[in-house]
Amino acid sequence: MRWRIEHDYRDLETGLGLDHCEGRSFTVFHRHLALVVAAQLFITR
């Protein structure tokens, strides 16, 4: 189970741009995170 979580996080970080967020507030990061997770769900399905 841990391998799957680490693999998904690596995909979010490198493939979908989770590490490209330069927002300094929580709301900016939260919006960026929501869009990245939505993109992952779209790609997964």
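Read-outs: derived from the displayed coordinates by stated rules, not from any lab. The shown structure was predicted, so the numbers you read here are calculated from the model rather than taken from an experiment. Backbone-built Cβ (ideal geometry, glycine too); neighbour counts: all protein chains shown.
Worth a mention:
- 3J(HN,Hα) along region 21-33, derived from phi through the Karplus expression 6.51 cos²θ - 1.76 cosθ + 1.60 where θ = phi - 60°, amounts to 6, 10, x, 9, 10, 5, 5, 5, 5, 5, 5, 4, 4 Hz, with x in place of Gly and Pro.
- All alpha carbon pair distances within region 2-44 were sorted into 10 Å bins beginning at 0; the resulting P(r) in whole percents reads 29, 53, 18, 0.
- Spacing of the two label points (7 Å from each Cα toward its C-beta) at residue 3 and residue 37, in nm: 2.6
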